[in-house]
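Remarks on the structure that follows.
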Amino acid sequence: MTSSDAPTPSKPSADIYAPGFVKDLFDRCSGRYRLFSLVLSFGFTERWRRQCVAALPIENLAGASGYDLMAGTGEIWPHLLKPHPDIDKITAIDISTGMHRRALARLHRHRAHKISFIEDDVLASRLPDASAEFIVSTFGLKTFNESQHRALAKLTARVLKPGDVFAMIEASDPKGWFLRPLYLFHLKRVLPLIERVFLRGAQDFTMIGAYSTNFGDASGLASHLRAEGLTVSYRRHFFGCATSVAGIKGED
Ligand SMILES: C[S@@+](CC[C@H](N)C(=O)[O-])C[C@H]1O[C@@H](n2cnc3c(N)ncnc32)[C@H](O)[C@@H]1O
């Protein structure tokens, strides 16, 4: 074999689901994340966070404590505390130092007494059994693969108390919608272009397109949650551009 026939060793591609990879990605994005997410989703992310809270199958969370998983900079807290001002405590968990610092430094000072942080990979964290009366999570599902979704379902079932509730939402691939090609064009072409031109980014937001199309929708997570014995309702939002799972852990 001549040297030109020899196969070129290919560089191993990064595991985009490795916690270290995701942490670095969000550390780099943290400064621009809030604005980027609000403007380029045309405000839909705020609406979907509200709908996620509304999907919690409970009227009253007075005195309750629970988790915000993949909390970012606490984007859901205003939406959670507005209808449920008497929540006792929200424990936010996020792997990214950047997101976590920003949440601490700039935002939510007036609600700080209700919030505590755990900076950790949620799937590796040792959250105690039956330690939550509610779990919420917004836009943190797409950076998990199938086996990580299974682990997230196990964690949800383990840390909720019987009778207690959860709701999670994620941007999704609106399969079957006639405007899907336009939506995917926005996600995969327009967003990265805007990032390059206006945000001088390192194409980090380009990854969102890849994660979102790999994720598909939250129906897989719904199955894993049901397999853990939870009662789950699955819902599509705005033609499937986001999907959510919400439900309850039955009494033993
Ligand atoms: C797209 S942001 C969502 C932030 C926020 N919840 C919102 O509504 O915008 C996803 C967040 O998930 C966090 N994250 C990703 N993988 C994680 C993991 N394994 N453990 C904890 N946090 C994780 C990232 O650091 C990032 O802050």
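The values are calculated or read from the model by the stated rules, or taken from the named source; none is laboratory data. Computed from a predicted model, the values in this text were never measured in an experiment. Counting neighbours? That spans all protein chains shown, and the Cβs are built from the backbone with ideal geometry, glycine included.
Counting just the residues of the stretch 162-199 that are of a type in the set (Lys, Arg) and part of a helix (DSSP H, G or I), which one comes out modelled with the lowest pLDDT? Among those residues, the one meeting the criterion is 196. In this structure, is residue 71 within 11 Å of the ligand (Cβ to nearest atom), crowded, with 18+ Cβ neighbours inside 10 Å and outside any helix (DSSP H, G or I)? Criteria met by residue 71.
Yes or no, residue by residue, for (1) touching a Lys or Arg at 6+ places or on another chain (Cβ under 8 Å); (2) in contact (Cβ under 8 Å) with a residue 60 or more places away in the chain; (3) surrounded by 19 or more Cβ atoms within 10 Å (Cβ to Cβ):
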{"position": "56", "(1), (2), (3)": "no, yes, yes"}
{"position": "59", "(1), (2), (3)": "no, no, no"}
{"position": "96", "(1), (2), (3)": "yes, yes, yes"}
{"position": "101", "(1), (2), (3)": "no, yes, no"}
{"position": "114", "(1), (2), (3)": "yes, no, no"}
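The set of residues in the stretch 122-138 that are near the ligand (Cβ under 8 Å from one of its atoms) and surrounded by fewer than 23 Cβ atoms within 10 Å (Cβ to Cβ) comprises 122, 123, 124, 125.
Can you confirm whether the stretch 81-96 contains a residue that is assigned to a helix (DSSP H, G or I), in contact with a helix residue (DSSP H, G or I) (Cβ under 7 Å, 6 or more places away or on another chain) and within 21 Å of residue 57 (Cβ to Cβ)? Checked against the condition, which is being assigned to a helix (DSSP H, G or I), in contact with a helix residue (DSSP H, G or I) (Cβ under 7 Å, 6 or more places away or on another chain) and within 21 Å of residue 57 (Cβ to Cβ), the stretch 81-96 yields at least one hit. Annotation: residue 110 fulfils all but one of (1) modelled with pLDDT of 95 or more; (2) surrounded by fewer than 17 Cβ atoms within 10 Å (Cβ to Cβ); (3) in a helix (DSSP H, G or I); the unmet one is (1).
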